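The numbers here are math on the coordinates, done by the rules we state, and not lab data. Everything numeric here is computed off the predicted structure, so don't read it as measured data. Virtual Cβ from ideal backbone geometry, glycine too; neighbours counted across all protein chains shown.
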Amino acid sequence: MINTIKNLDFEEIQEWAVAKSLKPFVGRQIFEWIFQKGVHSTAEMHNVPKSVKEIIDAEGPLLLLDLETHEISDDDSSEKFLFKCKDAYAIETVLLRSGNHYTLCVSSEIGCAMGCTFCKTGEMGLKRKLQAGEIVEQVLLARRISDKKINNIVFMGMGEPFNNYDEVVKAATIMNHAKGLNIGARHITISTSGVVPYIREFAHLPFQFKLAISLNSANDTKRSELMPINRRYPLEDLLSAAKYYTIVTNKLIFFEYVLLKGVNDTAKDAHELIEKLSSIPSKLNIIPYNEIDDRFKRPGEKDIQRFLSHLENVSFAVTLRYSGGRGIRAACGQLYHEVMDS
Ligand code: SF4
């Protein structure tokens, strides 16, 4: 655990200020410097007295990540950042462009414990969970380095966000806060492989964040093979929690479906999806798999279209989404990095 006031949200930083015998407004001022202006050190805080800067500096660093590499794809549609944490672990963050819109895919953990068989990050196992400050800093640094206005955030990088629920929710609220990064809550999507208790808890958050579930099969046997979490929370529990979320929030839920050749791309798979999803207000995103080794294959264009043809005229919206960043191994399921040499 790194000591830093960058892990504090708007309320906590005011409480911290009071605990240090400062006025709450000083806390608010510091919050703005860190998250709205994105400063890297107290030296940049022009209107903060030296005595207060010393108190802040004594709490630990304000810059938690160092840029190691920054790759840009040939077609300029994606950028991948490799950041080194203070303990020498590394995380990857991906910026995706669609027209004039930029979406940042942030990591929530170093590695991941969920072990999904099609995912490179899952091979690493879990090294540790990221702190809220480290999650938010990915956005601040990506914005500064790329000089792009980032409109959307998706928690779909390394890690299972609901395995690090409190820090992820805190990071999202800092991103959303008007005195923070001021990114609309509807432009922040948190994705889970299916940690059912937190789907139910998330439904009651007083924010408009979006929720995505990485589904990948509507068949229990198949899903358990692809995603071990399905043995703990099988489809019946998962989809009941998804439905609960839509009822409580009155919002759609997003299902992500990575299409794997010969695994989950048959007519039977499509029909099982229809049977399971028809009663849930939802959108289904079909994402053709990005090959990382020879365990799974990406379906050909004809197979993709055939699969989609089985999903015509269904009660939920279906979209085909090609995940960007393939050329720089920044696409869904391709993020992987172990320890950096210190
Ligand atoms: S797909 Fe997501 S939840 Fe599954 S192993 Fe990869 S990072 Fe973890």
- Task: Counting only C-alpha contacts under 8 Å and six or more residues apart, can you give the relative contact order of the chain as a whole percent?
- Result: 16
- Orientation-averaged projected area, Cα convex hull of segment 5-58 (nm²): 3.3
- Order by neighbour count: 44, 291, 167, fewest other Cβ atoms within 10 Å first, most last. 44, 291, 167
- Message: I'd like the antiparallel share, as a percent to the nearest 5, of DSSP beta bridges with both residues in segment 65-328.
- Response: 50
- Item | Above-threshold pairs, the threshold being 27 Å between Cα atoms, out of 129/268; 6/80; 37/127; 23/148 | 129/268; 37/127; 23/148
- For n ≥ 4 DSSP H runs only, could you compute -39500 (n - 2.57) per run for the chain, divide by its residues and tell me the 222 nm figure to the nearest 500? -9500 deg cm²/dmol
